[in-house]
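The values are calculated or read from the model by the stated rules, or taken from the named source; none is laboratory data. Nothing here was measured: the structure is a model prediction, and the numbers come from that model. Note that we place each Cβ from the backbone using ideal geometry, even for glycine, and neighbour counts take in every protein chain shown. Keep in mind that these areas ignore ligands, DNA and RNA; they rest on the heavy atoms of the full protein, side chains included. Shrake-Rupley method; radii C 1.70, N 1.55, O 1.52, S 1.80 Å.
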Amino acid sequence: MTLDFWRICIANFLLYAAVWMLLPILPAQCYLMGLNTQEISVSFLLFVGGMIGVGPLHAFLGDAFKRKYVLLLFTLAVALCFSGWLIVTAVWEVKLLMMLAGASFGIATTAGITIGIDITQSHRRGVGNRIYAFSGALGLLVGICCLSPLYLLLVFKNLVIISLVLFLLSLVVVTSIYVAFRAPVGVGIFNIDRFFLSLAWVPAINVCILSFGIGLLHNLLPPYAWIGILMVVVLAALTAPLTRLFVKLSHHCQRGTANTTLQLATQTGLILGLVEGERIANNLLFGCITILLAVLMFVTVTWPYFKQKRVRP
């Protein structure tokens with residue numbers, strides 16, 4: 001692997017850590033601002049909607065503009081949205097911030113995936129995909145399990161500042177990466193390429209269910225809080241083999257699409273689980289049931305589907 005590849009992995013780690021150190025504590029901050037449970041749920045649904053809604057634009061943005069600049073611009077956009085939490089006061093401002101942050105995060109992560117593939121030698125891309133995906137999972141793990149708990153020790157303003165420092169470091173690392181010029185091929189503005197791998201819809205649902213259950217468990221309070229942390233560790237550990245599974249369902253030039261599909265399924269499930277966990281009284285029971293259902297689905301549905309539909313050896 002080249003030095004530039006490791007740099008994009010570090011940038012990806014920092015981006016995920018910056019986002020996921022704040023996301024889990026935003027519901028509590030919303031409560032302090034006076035938002036009710038329904039308004040908080042809608043705000044997080046808008047974040048998810050932003051991530052998914054910009055999906056059809058991924059291929060166009062990566063083709064019409066330099067991918068490095070797309071990553072830089074939308075990483076900066078996510079940082080600006082998160083800095084907005086220092087000044088927002090109205091419900092509509094919270095909803096707008098969440099929607100814009102979700103859209104920017106979705107574009108930035110997909111641009112990073114594409115760059116990670118572009119700067120990796122073709123015969124090493126399988127390994128490269130797994131390492132890059134794990135770098136994001138590791139950033140999520142550090143953010144949600146190590147940095148987010150600082151909320152109990154620091155004021156919210158200081159947490160936002162720490163998050164912005166991580167965003168800045170990610171931007172600095174990206175600027176040092178060399179990405180070779182690629183001539184545009186002229187794709188349409190709206191395209192599912194680099195967005196959703198249709199052949200992977202079954203494992204995508206499976207991963208979303210699993211992540212949802214883990215998100216529920218992350219809301220557990222002591223003495224059971226360790227269970228949620230453990231399951232996030234498990235999810236991070238599963239990232240590499242899941243990446244391999246999704247890629248094997250992709251045709252030529254669909255690696256990026258496969259990786260984005262997995263990333264969207266994981267992020268969507270986790271976010272919905274975290275938010276729903278604020279409303280469910282018995283997170284431990286429902287979280288364990290959901291994870292058990294996800295495991296059963298993998299054994300009885302997803303794995304047989306994968307063996308039948310896999311494209312790559």
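Accessible area per residue (1.4 Å probe, heavy atoms of protein chains only) ranks PHE47, PHE65 as PHE65, PHE47, with the largest value leading. Applied to region 88-98, the Karplus parametrisation 6.51 cos²θ - 1.76 cosθ + 1.60 on θ = phi - 60° returns per-residue 3J(HN,Hα) values of 5, 9, 9, 4, 5, 5, 4, 5, 5, 4, 5 Hz, with x for Gly and Pro.
Please state the shape class of region 153-232: rounded when a/c is under 1.5, otherwise prolate if a/b exceeds b/c and oblate if not, all from the C-alpha gyration tensor.
It is oblate, given that a/c is not under 1.5 and a/b is not larger than b/c.
With the whole protein complex present, PHE212 retains an accessible surface near 60 Å², based on a 1.4 Å probe.
Placing +1 on the Cβ of every Lys and Arg and -1 on the Cβ of every Asp and Glu, with no other charges, gives region 15-147 a dipole of roughly 460 debye about its Cα centre.
For the chain, the residue among ALA265, THR239, LEU97 whose Cα projects farthest onto the positive side of the dipole built from Cβ charges is THR239. Take every Cα pair under 8 Å whose residues are at least 6 apart in sequence, average their separation, divide by the length of region 157-266, and the relative contact order is 33 percent.
Using a simple spin-label model with pseudo-atoms 7 Å out from Cα toward Cβ, TRP201 and ALA281 lie 3.8 nm apart. Between TRP92 and ARG125, the modelled label-to-label distance comes to 4.6 nm, taking each label 7 Å out from Cα in the direction of the beta carbon. By the compact-protein rule of thumb, 2.2 N^0.38 Å, the alpha-carbon radius of gyration of region 186-313 corresponds to a ratio of 1.13.
Using a cutoff of 8 angstrom between alpha carbon atoms and counting only pairs six or more residues apart, the relative contact order for region 208-308 works out to 47 percent.
Note on ASN191 and MET1: the model spin-label points, each 7 Å out from Cα along the C-beta direction, lie 2.8 nm apart. Per-residue accessible area (protein heavy atoms, 1.4 Å probe) orders HIS123, HIS218, HIS251, HIS58 as HIS123, HIS251, HIS218, HIS58, starting from the largest.
Using mean Cβ contacts within 10 Å as the protection proxy, how do 261-268, 24-31 order, highest first?
261-268, 24-31
Each Lys and Arg Cβ is given +1 and each Asp and Glu Cβ -1; about its Cα centre, the chain then shows a dipole of about 1040 debye.
Inter-part distance, region 118-153 to region 271-313, computed on C-alpha centroids, equals 21 Å.
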